[in-house]
Every structure is written in structure tokens, then in C-alpha cells.
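Peer 1: Below are the C-alpha cells for one structure; questions will follow.
The values are calculated or read from the model by the stated rules, or taken from the named source; none is laboratory data. Being a predicted model, the structure only gives us computed values, none of them experimental. Counting neighbours? That spans all protein chains shown, and the Cβs are built from the backbone with ideal geometry, glycine included. Surface accessibility is based on the protein's heavy atoms, side chains included, excluding ligands, DNA and RNA. Shrake-Rupley method; radii C 1.70, N 1.55, O 1.52, S 1.80 Å.
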Amino acid sequence: MTNQEDFSLKETSPNISSRRISTGPVTSYDLVEHMQYLYVRIVKARELPLPCDPYVELKLGNYRGTTRPFQKTPNPVWNQVFAFSKDRIQDLTMEILVKDRAVVVDDQGQATIGKFSFIVPEAPMRIPPDSALAPEWYRLDGQNGVKIRGELMLSFWSGTQADEAFSEAWHADAAAVSEDCVSTTRSKVYLSPRLWYLRVNVIEAQDLILKVNSNKVETSDLLVKAGLGNLFTRSRVSKNKSVNPEWNEDLMFVAAEPFDDPLVVSVVELVNKMEEHCIGMCVIPLSDVERRIGAAPPADKWYNLSMMVEGQQQEVKFASKLHMSISLDGGYHVLDEPTNNISDLLPSSKLLWRPPIGVLELGILNATGLSPIKNNKPSNQVWAYCVAKYGTKWVRTRTIVDSSEPKWNEQYTWEVYDPCTVITIGVFDNGHLQCGNNKLDLPMGKVRIRLSTLETDRVYTNSYPLVVPTPSGLKKMGEIQLAVRFSCSSLLNLLNQYSQPLLPKLHYILPLSIYQLATLRHQATNIISTRLGRAEPPLRKEVVHYMLDASAHIWSIRRGRANFNRIIKLFDGFVALHKWFEEIRKWTNPIATGIVHIIFLVVLFFPGVILPTMFFYSCGLGIWRFRRRPRQIAFIDTELSTASNVTPEDLAEEFDPFPSGKNSIDDLRRRYDLLRSLGGRIQTVLGDIATLGERVQSLVSWRDPRATFMFVVFSFVAGVIAYVVPFRMLAIVAIFHELRHPSLRIDLPSFPQNFLRRMPARSDTMI
């Protein structure tokens, strides 16, 4: 049944006005369809009759919206905006009623204090960037049409979703949502906190006052424990067992601005490998920690160790000391995403940021055929919203209530600092629109788009299938229509990025281990999900983890098999070459065999043509493939992901949580989890090997048109140089350059390495 699903990418032609070529941030919505709205802003009232508990009710056909009520207030202030889609307007008259919640009239609900009405077509049109329409005072009509004393200040106008009031307005299509949950339906922009790597280099301690074995020269095992908020780590046992132990070990944390939590470092004595006795501790506010942007070592310092008594540090006359160097390393980029799908490459310190090279604009138009997620809501309803993440900026569209064909038509903009990055767009089913409902916001699929594969100033409008693996197999949840445009202000600056290191320089000068990067990425993911979960409306943990691929390192038989197939695919060329050579040896085609003999003799007597021939061949191959270059964005390949023919056993293993939730013997479960953890690293290595080979293939594939153009030009120029300069001279220069003195080297990747690492790979199209 899964094989019958249509997982193809479709090109669409939405009704958008995208003829403009942009070179900077814009406010006009030219990548989405314009949606007309009637806006009503209820500001305040005055001189209402006392006593009353006033609130305002807006009536337009069957739609009703209300403000929050006030108690015993003749001059209430609401300042609330209501939005009514003109596609759903059922009446031409808008009635605005000021009611008293304290007085109930039989069969009519609350008593009406006064009302005001206007004809909807008479609402003035407002087009941004015009200033907001000034509200006015309107006299209220009584029950008999007689003007009463009270007045209501309001404004009303017609506009589009580009209006500044759109994101904060109460929307009529969310009328079924309770007042407490309305905030979860609004569109918002979030910013990830700025993250830093905190490096604690524990060097040694001096004059420790031991609690155990205090009369012995040789002490128990000593180690250092460090904590930052709810993050904890520890060092290895000291190299020497004495009252002056040495460690010389780095303890790494991820710290987020603002630095609210201090760093707590303590020296611990281990007794019988089990009991721990704290010898002393020191508390260091991060505001006092040195921020470094280069590779120069930070200043080391001696810290007094004290004891905590009832939450307070105890002053001591003679204190043990701990020798440490602590720094906030701003020269690194804190990784929170897999490097294959990274969206941000900037270092933590803004002093090292380069100017942006372009602008990315995304129009989230609509979705079609969304399937309801079972057990998420009482009925088969779809309450869908989108989340897009690029760099530190997250955007969330409004939630369209109870619709399998939602129309968002919202446009967002990001500054681009590096073209070899990926934007991720996910669709989720809102599970928090009912009071007391604490169910998860379940994913309905996501889309990844690599910017380097986009032509500049071209608008891509496509319908992307939303595909998610489920315990029962691969499932298509619907399709989402997007419009994307990547605009560049300077082509030279854009091409220059391909020669730069992919990550900030400190990653290569002071590289972190694979284990450290994995641990720190886990910390960064949890910090971001915690911070965004405290926003209003919150961006929930399951949403953040899904967008950041937090579980990408967990072993999966399906993904392991897919990466293995990618590696095997790379050797198809060698297999074809071997078969061709066998045909030559067997004289299957005598003419071809004769030509090979002639070529062999030419190469033998004129070896200087080997190198230019190779370059000219690469140049010609790239030019030949230009006609068949990809015209559409690369998208999910279900065959490559081995998701279309996966077995139930493999799916059960993939959806088994980590640690395992199987009811089995504890030892067996621990071994199973260890195997999955180890297998996850092997899976990552296999994927990296496949990615490297696919990047080599992409040099002439025109998937990244700018990179292929640069490679073709380089191949032509290199071919000319290799033809003009004698081969022996080129070989001497290459060997002497490779064997040059270390003082003449720079500990940074070379230009070919930087260029190759920026090439797209098929990992972008994997689930």
C-alpha cells in the first residue's frame, strides 16, 4: 500500500506577485497569496453606567468574538484586535455590543449596555507601511436606538495578512478555541538563545583538607565535579594520590545568555569507589569569566575552596586551593543540529561575524490532504501549524482550526551568512487547543531545502509531500506548498564563501573530540528546547527536538542499511570501469580496443598530457551535464532512505525509545542499548563516508550551480596551466609544497577541502 503513495515533488503556480528582485529585508508579501481581512481594534470605553462589569461582543454573521471582562469599571481599557477573513464573511453589518456580565436577561444572556454598528464594505483600506489607523470615539446606541452617555473608542479597517496587527489578532476561525488557549493559535517569531562553550580546565589542587584517610600520606581517589544549572560533569581520578593532586583536564559545558546560573566546582574524595565526600567547592559567576575569541590560552587562577552550610558559603581562615583556567570560547559555533543539515555557521562571539551575503525569503502558502493523527484529539480533526527554522530564528505560523486544507499565506525573511546551509520547515498538529489537554504536538512531516542548490533571485514554488515513518510503515500525511527565494547582494562575496572554512577557525585550531561534540550538542538541544518552551506561546520540546533531529544519532537498521547502500552506489563507477576494461581485454569491440592501444602509446611517450587531459575531461563533463542539470529542489527520496520497503521488525526497532522500553531482563536491555549507541556512531561514520563521495560527484552535477561553474572554470584554467607548464615542474612544485616546513603551514583546511565540504550530498534528501 505504501508503494502506491505519490511521494514526488510537484511544481505549482500560485497566484503570487513575485516579479521583484530583492537585495535586502522586505515587508511586502510577494511570495504568498494575499488574504483580505476585516480588522476591528477595541481600545477602551468611558462613562459607562455604574454598576457594571463591561465587556465587548462583536457579531458578524455566525461569528462572535468577545473581549475580556472588567469588574465595576466605567472606563475599561481592552486594546484588543479582532480579524475576520473576508472569504468567510456571512453578513455585511458588523455589530459591536457593550454588555454587562453582572446582569443576565432571560433568553438573551447578559444585558446590553449599548451598541455600535458599521457596514463592512465601508471599512477603509490600510496598506503597510502606512501607520496604524487612529481610533476614534463613537457614541453608543441604546436599546431603542437612542444615544446613551457611554462612548467606545475603536478603529476598523480592511487589510491583508501583512498588517502588523495580524499576528496578535483574535481570528474568527479560532472561535471554537477557549480563551485560555487562543494564544497557542497565534503566529510568532522565536530566537534561540546565544550559546557559548564554557571550558573549565582543571589543573591541580593544593593543600586539600581530607575527611577520609587524613592521617595517611596516600589519599583516596580524588576527582573534580562541575555543575552549571542542571548540567553536571566530572573529571577523571587525579594522576597522583596526594593532598596536591593534578588533573590537567578540560570540562566542557554549553552556557546560554543571559548567564543566570553560576559555575559550581567541587573537589570530591572517593571512598571504596562508592562513597563521595566533598572536600570543598567554589562558586564562579559566569559574568566574571573571561571571553576569548582566539586560540590564546586564558589566564589561569587559584580559587579558594569552601564548604556550603545551609546554602551559604562558609568562610575559612585556611582554605584549600584549586588551580583552574576558565573561559567562554566565542570562537566556536555551538552545534545544535547535525552538520549535514546545519542552518547556522556563525561563531558565538559577534566580533567574529561577517556581513550577510544575501536574504532568504520563505512563503508558507497552504497544505492539502492533511490526515488526522489518531489519539491526538477526541475526533478526527486537524489543527495544523508550521514551524520554520534557519539560524537562530524560528518562526511559527498560526494554527488553522479543524481544517485538512489549511491556508496560512505567511511570509518570513532571514539574513544569510553562508549559502551552504539548510532551512527546515515542519508541520505539526496542535494538541493544546482544549483546556486540560496536555497531549503532544505530533509531527506531520518536514521539508529541508539547501540554499546552495537554489539559483539566486529565482522563485521556487513547489508542493512537497509530508512523509513520516510510523510503526506501521511509511505514511504520507499530506502536501505543503512553499515559495522560496534566495537573493544575493554580491556574487563575488557569495563565491568567496566556497573558499572559506565551513566552521569557524577555532574548530580546526583547537578541535573538540567526537564525544565532546555529541555531549555538547545534546546539552545545546535541551537548553534551546527549555528556553523556547518558556515563551508565550511555547514552542514545545517535542517540536524543537524534531526540528533539530535530536535523535539522528540513535541507531536504526533502516538508516544503517540506507547509508550502506549509498556507499555501495559510489563504487558503481569502479564496477563499470572494470567491466569496460574486461571488454577491452576480450576484444569485444575491436575498434575500441585499437583506440585504447593508441591512447596507451601516447600516454607512454607523452606523459605530460595526463594531467591536462584529466582537467579537460572534468571541464567537458561538467559542460556536457549542464543541459541535464537539476531544475527542481532536491527532496526526500524514499528509495534512498529504504523507507518504502522496510520490514515491521525494523520499524519496531526504530521506534523503540532510547533507553529501550521493552519489558526484558535488565542486563539484556543495557547491552541492547549499548549496542544501539555504538551502532549509532557507526551509522554516522557510514553516512559521513557516503556524504564525502557524493560531494565529489556533485562537483559536476550542477546541483549547486555556482560551485559547479567555479569547478568547470577552474578545470579549464588548470588544464591550460598543466598543458603549458611541464609536468615535471608541476610535480616538483606539488611535492615541495606538500613537504614544506611546519613553520610555513597554517592549521586550517586547504582551499580544495573547504570547497569540497560545501558541496551538497544526498543526505539532504534522506528521512
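Peer 1: Hey, what do the phi angles of the stretch 380-386 turn into as Karplus ³J(HN,Hα) couplings, whole Hz, using 6.51/-1.76/1.60 and θ = phi - 60°, x for Gly and Pro?
Peer 2: Values per residue, Gly and Pro as x: 7, 10, 10, 10, 9, 9, 10 Hz.
Peer 1: If you count only protein heavy atoms with a 1.4 Å probe, what accessible area per residue comes out for the chain, rounded to a whole Å²?
Peer 2: 51 Å²
Peer 1: Report, in whole Å, the centroid distance computed from the Cα atoms of the stretch 675-721 and the stretch 63-97.
Peer 2: When both Cα centres are located, 58 Å separates them.
Peer 1: A follow-up question, please. Does anything in the stretch 31-58 have its amide N under 18 Å from the 7 Å Cα→Cβ label point of S85, and if so which residues?
Peer 2: Those under the cut-off are 32-40.
Peer 1: Amide H neighbours of F626 under 5 Å, at least 5 residues apart or on other chains, H built in the peptide plane: list them.
Peer 2: none
Peer 1: Towards the positive end of the charge dipole of the chain, with charges on Cβ (+1 Lys, Arg; -1 Asp, Glu), say which of T397, I449, F166 has the farthest Cα.
Peer 2: Of the candidates, I449 comes out farthest on the positive side.
Peer 1: So which DSSP H runs in the chain come out at 18 Å plus along the axis (Cα) with average Kyte-Doolittle of at least 0.5?
Peer 2: What comes out of the filter, once short or polar helices are dropped, is 590-605, 610-625, 705-724.
Peer 1: When the dipole is taken about the Cα centre of the stretch 448-510, and only Lys, Arg (+1) and Asp, Glu (-1) are charged at their Cβ, what size is it in debye, to the nearest 20?
Peer 2: Dipole of the stretch 448-510, to the nearest 20 debye: 180 debye.
Peer 1: Give the Kirkwood hydrodynamic radius (Å, one decimal) of the stretch 697-736, defined as one over the mean of 1/r across all pairs of different Cα atoms.
Peer 2: That comes to 11.4 Å for the stretch 697-736.
Peer 1: Fully extended, how many nm does the chain gain between F626 and A518 (0.36 nm per residue separation, minus their Cα-Cα distance)?
Peer 2: This chain segment gains 34.9 nm when fully extended.
Peer 1: Please give the charge dipole size of the chain, origin at the Cα centre, charges +1 on K and R Cβ atoms and -1 on D and E Cβ atoms. Round to the nearest 20 debye.
Peer 2: About 1700 debye.
Peer 1: As a test question: what accessible area, to the nearest 10 Å², does M444 have when a 1.4 Å probe is rolled over all protein chains in place?
Peer 2: Counting only protein heavy atoms, the figure is 0 Å².
Peer 1: While we're on this one: Set the Förster distance to 51 Å, then compute FRET efficiency between N230 and E95 from the Cβ-Cβ distance, nearest 0.05.
Peer 2: About 0.45, to the nearest 0.05.
Peer 1: Averaged across orientations, what area in nm² does the convex hull of the alpha carbons in the stretch 350-487 project?
Peer 2: About 9.8 nm², averaged over all directions.
Peer 1: From the convex hull of the Cα coordinates of the chain, what is the mean projected area in square nanometres?
Peer 2: If I average the Cα hull's projected area over directions, I get 46.9 nm².
Peer 1: With n ≥ 4 as the cut-off for DSSP H runs, can you work out [θ] at 222 nm for the chain, using -39500 (n - 2.57) per run divided by the number of residues, rounded to the nearest 500?
Peer 2: Theoretical 222 nm ellipticity from helices: -7500 deg cm²/dmol.
Peer 1: Any idea which of H553, H507, L492 is furthest toward the positive side of the dipole for the stretch 438-569, if Lys and Arg beta-carbons carry +1 and Asp and Glu beta-carbons -1?
Peer 2: Of H553, H507, L492, it is H553.
Peer 1: I'd like the projected area of the stretch 520-576, averaged over all directions, using the convex hull of its alpha carbons. Report it in nm² with one decimal.
Peer 2: For the Cα atoms of the stretch 520-576, the hull's average projected area reads 5.6 nm².
Peer 1: For V609 and V685 in the same chain, what is the full-extension length gain: residue separation times 0.36 nm, less their Cα-Cα distance, in nm?
Peer 2: 23.6 nm
Peer 1: Right, something else. Find how many whole Å separate the alpha carbon centroid of the stretch 431-499 from the alpha carbon centroid of the stretch 275-306.
Peer 2: So the two Cα centres are separated by 43 Å.
Peer 1: Tell me the relative contact order for the stretch 397-546 as a rounded percent, counting alpha carbon contacts under 8 Å between residues six or more apart.
Peer 2: After rounding, I find 16 percent.
Peer 1: Loop by DSSP (not H, G, I, E, B), at most 16 other beta-carbon atoms within 10 Å: where is the longest site-free stretch of the chain for GluC sites (Glu not before Pro)?
Peer 2: The segment 456-638 is the longest one with no such site.
Peer 1: With label points built 7 Å along Cα→Cβ from the Cα atoms of F658 and L491, find their separation and express it in nm.
Peer 2: Result: 4.5 nm between the two label points.
Peer 1: Now for a separate question. Evaluate the distance, in nm, between pseudo-label points positioned 7 Å from the Cα of H545 and of A132 along their respective Cα→Cβ axes.
Peer 2: Taking the simple label geometry, H545 and A132 are separated by 3.9 nm.
Peer 1: With r as the distance between the Cβ atoms of S404 and Q753 and R0 = 60 Å, compute the FRET efficiency 1/(1 + (r/R0)^6) and round to 0.05.
Peer 2: 0.80
Peer 1: At a 1.4 Å probe, what is the % contribution of carbon and sulfur to the accessible area of the chain?
Peer 2: Using a 1.4 Å probe with all protein chains present, the chain comes out at 57 percent carbon and sulfur.
Peer 1: If you don't mind, another one. Positive end of the charge dipole of the chain (Lys, Arg +1 and Asp, Glu -1 on Cβ, about the Cα centre): tell me which of V264, L286, G478 has its Cα farthest that way.
Peer 2: The Cα lying farthest towards the positive end belongs to G478.
Peer 1: Quick check: residue separation of V264 and D673 times 0.36 nm, minus the Cα distance between them. What number comes out in nm?
Peer 2: Working it through step by step, the gained length comes to 144.1 nm.
Peer 1: In terms of modelled amide H atoms, which long-range or inter-chain residues lie less than 5 Å from the amide H of N409?
Peer 2: Sorted by chain and number, the residues that satisfy this are L365, N366.
Peer 1: Let me spell out the model: positive unit charges on the Cβ of Lys and Arg, negative unit charges on the Cβ of Asp and Glu, origin at the Cα centre of the stretch 32-146. What dipole size does that give, in debye rounded to 20?
Peer 2: Here the stretch 32-146 has a charge dipole of around 320 debye.
Peer 1: Another question about this same structure. Enter the Cα centre distance for the pair the stretch 106-181 and the stretch 543-601, rounded to the nearest angstrom.
Peer 2: 66 Å
Peer 1: With an 8 Å cut-off on Cα pairs and a minimum separation of 6 or more residues, tell me the relative contact order of the chain in percent.
Peer 2: 12 percent
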